[in-house]
Structures are given as C-alpha cells and as structure tokens.
Amino acid sequence: MVTPVSADWATDFEYLPPESEALISSAQGGLFALPSARTERSSLSARYGPKEDVPVELRGAGACSRQVNNSCLPGTFEAEQPLVCEVLTPGGNWSSYPPHKHDEARPGVEPELEEIHCFQVYGSPERPIDVLAEIRSGDTVPIPHGWHGPSIAAPGYDLYHLDVMAGPGQDRARLICDDPAHGWVRATWASQDVDDRPPFGEN
C-alpha cells in the first residue's frame with residue numbers, strides 16, 4: 001500500500017559524478033551522509049536536489065506504516081547507480097517487513113543490489129537515547145546479500161534510517177523479492193488503515 005503525501009521533513013542532497021571534488025560545510029552543523037557507488041559510466045553532471053522536490057509517500061498499513069522520502073530513486077532523480085531514500089518509522093511500528101532480498105539478477109523480479117542502512121533513533125532533544133542494543137543511533141549496517149528486515153522502532157521512539165542501494169547491473173531498478181514464508185503479511189495491509197502519525201512535518 002503506497003500513498004503519496006506532502007511533508008516538510010526531507011533532506012536536501014547533492015549528486016556528484018565520478019572523480020568529482022566537493023567541500024561540505026554548515027554554519028549550523030548537523031549530520032551528513034556520503035553514500036557512493038561504483039560505476040563505469042559518467043554521463044551525468046553534478047546536481048542539487050532540494051528537499052522541497054523530494055517525493056514523499058506513506059508505505060504499508062497498521063503497524064507496518066512508515067514514511068519514505070524517495071530522494072534518489074528511478075523516476076524521482078536520475079543517477080548512474082545509487083538508489084537512496086529515507087525511511088521514518090513511528091515508534092512501535094515495523095519497516096522493511098516482510099523480510100525481502102535483492103541479491104540475484106532476475107529481470108522484472110529483483111536486481112542484484114547491495115544495501116546499507118544508517119540509523120538514527122529519536123528520543124527527545126533534552127534526553128537523546130539509544131534504545132536498541134543491536135542497532136544504535138549512528139550505526140551503519142551493510143547488507144551484502146540475503147533476506148533482511150525488519151527494522152522495528154521501540155514504542156515511544158521514532159526511528160530514521162537512510163537506505164542506500166547499488167549494484168553492478170546496468171538497469172537501475174528498485175525491486176524486491178519477499179521471503180515466501182512471510183510475504184503473505186503484505187496482503188493484510190489492504191484491510192488496515194495507514195497509521196495517522198506520519199507524515200512527519202506535514203504541511
């Protein structure tokens with residue numbers, strides 16, 4: 001289940017082609033991610049992606065509701081290899097479920113993609129907190145192959161992760177293959193309402 005929405009909470013980004021140089025600075029500080037991917041092509045120029053142009057959607061339903069900011073995906077921003085989105089999961093909800101994979105080149109089914117998740121767990125400004133032993137704020141998790149998911153936000157704490165994928169194939173596609181043991185869960189979303197907490201920072 002996918003619902004396009006309008007939201008203020010997204011991130012500006014810059015696309016740099018191979019062999020580029022850039023200087024990153026901010027008077028206010030903040031967090032910066034520098035995802036990259038190998039490519040043998042270099043036909044695109046450096047471009048700025050303002051947060052106002054990032055398509056935002058709600059995915060899933062019920063306890064699997066989450067917000068996805070589609071920064072650099074096919075159909076939203078042209079790039080050579082990387083696929084990048086931000087996922088915001090309300091406290092108590094699950095993302096990346098059912099478990100899925102994308103490690104075999106099967107046209108129309110799944111591409112061969114490696115993936116990295118970079119996590120932030122949000123408590124309150126006064127008392128920031130890490131609430132999971134396995135994954136904490138600032139952790140980066142490589143997912144080179146195999147079934148993976150879910151990401152679970154502890155009740156009361158919203159979870160953010162930057163999702164970066166890239167692979168050796170020439171077709172830049174975001175396709176997944178659900179774990180056959182758990183894929184049935186996706187069909188249950190049609191009878192559930194989308195959680196009313198996202199989108200974050202709604203206009």
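The values are calculated or read from the model by the stated rules, or taken from the named source; none is laboratory data. Computed from a predicted model, the values in this text were never measured in an experiment. We place every Cβ from the backbone using ideal geometry, glycine too, and count neighbours over all the protein chains shown. Each accessible area value is taken on the protein alone, full model and side chains, heavy atoms only, with ligands, DNA and RNA left out. Shrake-Rupley method; radii C 1.70, N 1.55, O 1.52, S 1.80 Å.
Taking only the C-alpha atoms of the range 1-106, Rg followed by Dmax gives 15.7, 46 Å. Packing, taken as the mean count of other beta carbons within 10 Å per residue, orders the peptides 113-119, 33-39, 153-159 from highest to lowest as 113-119, 153-159, 33-39.
Pop the C-beta distance of Thr3 and Glu78 into the FRET formula with R0 = 22 Å and round what comes out to the nearest 0.05. For R0 = 22 Å, the calculated efficiency reads 0.35. With R₀ set to 25 Å, the beta-carbon distance separating Lys51 from Ala154 gives a calculated FRET efficiency near 0.40. Annotation: per residue accessible area for the chain equals 57 Å², rounded to a whole number [probe 1.4 Å, protein chains only]. Per-residue ellipticity at 222 nm computed for the chain from its helices equals -500 deg cm²/dmol, with DSSP H segments shorter than 4 residues left out and the rest contributing -39,500 (n - 2.57).
For the range 1-104, GluC sites (Glu not before Pro) meeting the loop criterion (DSSP other than H, G, I, E, B) and having at most 13 other Cβ atoms within 10 Å: Glu19, Glu21, Glu40, Glu78, Glu104. Divide the volume of the convex hull around the Cα atoms of the range 39-93 by the residue count and you get 94 Å³ per residue. Put a dot 7 Å past the Cα of Glu112, heading toward its Cβ, do the same for Ser42, and the two dots end up 2.4 nm apart. Surface composition of the chain: carbon and sulfur atoms hold 53% of the protein heavy-atom accessible area at a 1.4 Å probe. Take the Cα of Asp179, go 7 Å toward its beta carbon, and the backbone nitrogen atoms of the range 81-98 under 12 Å from that spot belong to 96-98.
Normalised Debye scattering of the chain at q = 0.07, 0.19 Å⁻¹ gives log10 I(q)/I(0) of -0.21, -1.63, counting only Cα atoms as equal scatterers and leaving out solvent. Rounded to 0.05, the FRET efficiency of the Gln192 and Glu21 pair, given R0 = 45 Å and the Cβ-Cβ distance, is 0.40.
Run the numbers on the range 25-170 and let me know its relative contact order in percent, using alpha-carbon pairs under 8 Å that are six or more apart. With pairs under 8 Å counted, the relative contact order is 26 percent.
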